[in-house]
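Reviewing the structure listed below.
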Amino acid sequence: MKLILTAAVENLGEAGDTVEVKDGYGRNYLLPRGLAIKATRGAQKQVDGIRRSQEAREVRGLEHANELKQALEGLTAVSLGVKTHDSGKLFGSVTAADVAGAIKSAGGPVVDKRSVELPQGHIKATGSYPVVVRLHPDVEATVELAVIAG
């Protein structure tokens, strides 16, 4: 059975790889768990489009990561308006995707939400928080995020 992987599978391949597996493994394990799709021409075109978009978002080396770090640390007014209770506690919490959107709206570069590391895993109150953005294995930038009632 010929399949295209949608996620990394140990000892088989990475997302986007076309693999040949036994029928039972594909039908009973990979397909039901959403780890693969059947290989067709349309699916291959879709995977190629996804790969191109991932490569465009990817940080292209150490020099590019240092440029992004300077741009991120040069931002002064990264703020995020959230719904709060009278005591300053949030309804819900601030996610990494919210932080990535706040950085973009403040005039910063587009960052991937998976590269944003929140303090203590989540933010549940208003205030100012240091947020780490991992741009490269050797480069990380710190951005001061102001969570305000909005």
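The values are calculated or read from the model by the stated rules, or taken from the named source; none is laboratory data. Just so it is clear, the model here is predicted, and its values are computed rather than measured. Positions of Cβ are generated from backbone atoms using ideal geometry, with glycine treated the same way; all protein chains shown enter the neighbour counts. In case anyone asks, the SASA skips ligands and DNA or RNA and just uses the protein heavy atoms, side chains included. Shrake-Rupley method; radii C 1.70, N 1.55, O 1.52, S 1.80 Å.
Checked against (1) in contact with a Leu (Cβ under 7 Å, 6 or more places away or on another chain); (2) part of a helix (DSSP H, G or I); (3) open to solvent by less than 30 Å² (accessible area, probe 1.4 Å), D98 meets all criteria but (3).
Please enumerate the residues belonging to the range 96-111 that are under 12 Å from I123 (Cα atoms) and in contact (Cβ under 8 Å) with a residue 24 or more places away in the chain. Quick ask: steps written out before the conclusion?
Filtering the range 96-111 down to residues under 12 Å from I123 (Cα atoms) leaves 96, 98-99.
Selection gives V99 alone.
Against the criterion of being more than 30 Å from A15 (Cα to Cα) and buried (at least 16 other Cβ atoms within 10 Å of the Cβ), V143 qualifies.
Of all the residues in the range 56-88, those that are farther than 16 Å from L135 by Cβ, among the charged types (D, E, K, R) and either at pLDDT below 85 or open to solvent by less than 60 Å² (accessible area, probe 1.4 Å) (or both) number 1.
Condition (residue is within 28 Å of V111 (Cβ to Cβ), touching a residue at least 24 places away in the same chain (Cβ under 8 Å) and surrounded by fewer than 12 Cβ atoms within 10 Å (Cβ to Cβ)) applied to the range 23-44: is it met by at least one residue? Spell out how you get there, then give the answer.
Within the range 23-44, the subset within 28 Å of V111 (Cβ to Cβ) is 34-35.
Then drop every residue that is not touching a residue at least 24 places away in the same chain (Cβ under 8 Å), which leaves 34-35.
With the extra rule that they be surrounded by fewer than 12 Cβ atoms within 10 Å (Cβ to Cβ), the set shrinks to 34.
Yes, the range 23-44 has at least one match.
When V47 is tested against (1) free of Cβ contacts under 8 Å to residues at least 60 places away in the same chain; (2) open to solvent by less than 50 Å² (accessible area, probe 1.4 Å); (3) in contact with a strand residue (DSSP E or B) (Cβ under 7 Å, 6 or more places away or on another chain); (4) under 30 Å from L145 (Cβ atoms), just one condition goes unmet, and that condition is (4).
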